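Read the structure below first, then the notes.
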Amino acid sequence: MSTPFICILTGAPGVGKSTLAELLSNTYARSARVEVDDLRHMIRGGIVSPFPETPEASKQLKLSVRNACALARNFVENGFSVFIDDIVETAERLSQYQNLLKGLPVYTFMLHCDGDTLARRDQGRSPEVQMGARSFELHQVFEKRLLEKNWYLINSTQLTPLETLLEIQTLLPPDIDH
């Protein structure tokens with residue numbers, strides 16, 4: 001049986017996090033996908049937008065990370081590799097993931113592409129999930145974080161989803177159960 005692990009995919013909206021989390025989770029025999037936006041939207045009464053980051057938004061963002069980590073830890077402890085898709089906008093939030101997942105094998109990938117590609121991908125999304133100016137704003141945030149050593153950087157500008165998948169898989173443990 002393969003040793004389960006956690007893979008965190010981050011980057012601006014439109015870089016391919018959700019697509020890659022779905023593709024990756026479908027390539028492992030025992031896997032789970034945790035989409036952090038889904039966890040955020042479990043809040044019904046009192047939900048606030050994650051931006052601008054008000055004190056309440058910050059509390060809800062931290063809660064969603066705690067929930068994602070609790071789910072991931074539970075899945076790993078039961079033999080499932082986990083693929084988490086989240087916009088980890090700050091070094092503080094990444095530290096929260098690292099602290100809550102301490103002792104588990106965690107691989108973190110920052111997906112990045114150029115601004116034109118990002119805009120094109122965002123416009124190609126269905127209207128209810130397009131991020132527009134916020135996507136570009138987050139792109140700039142991640143541009144400033146490109147040289148951080150806390151993750152593997154994958155530039156998906158010229159890559160198809162399948163090519164990006166293959167590049168990520170070279171850095172993850174193989175699935176010997178498949």
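Inside the stretch 121-153, residues that are part of a helix (DSSP H, G or I) and within 18 Å of the chain's Cα centre (by Cα) make up a count of 13.
Mind telling me which of the residues A21, A12 ends up being within 27 Å of G103 (Cβ to Cβ), in contact (Cβ under 8 Å) with a residue 40 or more places away in the chain and among the small types (G, A, S)? Outline the logic, then answer.
Values: A12 fails: within 27 Å of G103 (Cβ to Cβ).
Just a single option satisfies the conditions, and that option is A21.
Restricting the stretch 91-110 to residues that are hydroxyl-bearing (S, T, Y) and assigned to a strand (DSSP E or B), the residue that is farthest from S31 (Cα to Cα) is T108.
Note down all Cβ pairs under 7 Å where the first residue falls in the stretch 80-99 and is within 18 Å of P4 (Cβ to Cβ), the second is β-branched (V, I, T) and part of a helix (DSSP H, G or I), and they're at least six residues apart or on different chains. Matching pairs, first to second residue: V82/V76; I84/V36; D85/V36; Y97/V65.
Would the stretch 115-133 turn up any residue that is surrounded by 11 or more Cβ atoms within 10 Å (Cβ to Cβ), at pLDDT 90 or above, among the hydrophobic types (A, V, I, L, M, F, W, C) and touching an Asp or Glu at 6+ places or on another chain (Cβ under 7 Å)? Within the stretch 115-133 (the criterion being surrounded by 11 or more Cβ atoms within 10 Å (Cβ to Cβ), at pLDDT 90 or above, among the hydrophobic types (A, V, I, L, M, F, W, C) and touching an Asp or Glu at 6+ places or on another chain (Cβ under 7 Å)), the answer is no, since none of the residues qualifies. Kindly evaluate H112 against the criterion of being touching a residue at least 12 places away in the same chain (Cβ under 8 Å) and farther than 22 Å from R33 by Cβ. For H112, the condition - touching a residue at least 12 places away in the same chain (Cβ under 8 Å) and farther than 22 Å from R33 by Cβ - is not met. Among the residues of the stretch 160-177, the one identified as out of contact with any helix residue (DSSP H, G or I) (no Cβ under 7 Å at 6 or more places or on another chain) and within 18 Å of D116 (Cβ to Cβ) is T160.
Cβ-Cβ contacts under 6 Å between residues 6 or more apart (or on different chains), taken from a first residue in the stretch 123-143 that is more than 24 Å from E92 (Cβ to Cβ) to a second residue that is surrounded by 12 or more Cβ atoms within 10 Å (Cβ to Cβ), are listed as Q130/D122.
The values are calculated or read from the model by the stated rules, or taken from the named source; none is laboratory data. Keep in mind the model is a prediction, meaning the values are calculated, not measured. Using ideal geometry, Cβ is built from the backbone for each residue, glycine included, and neighbour counts are taken over all protein chains shown.
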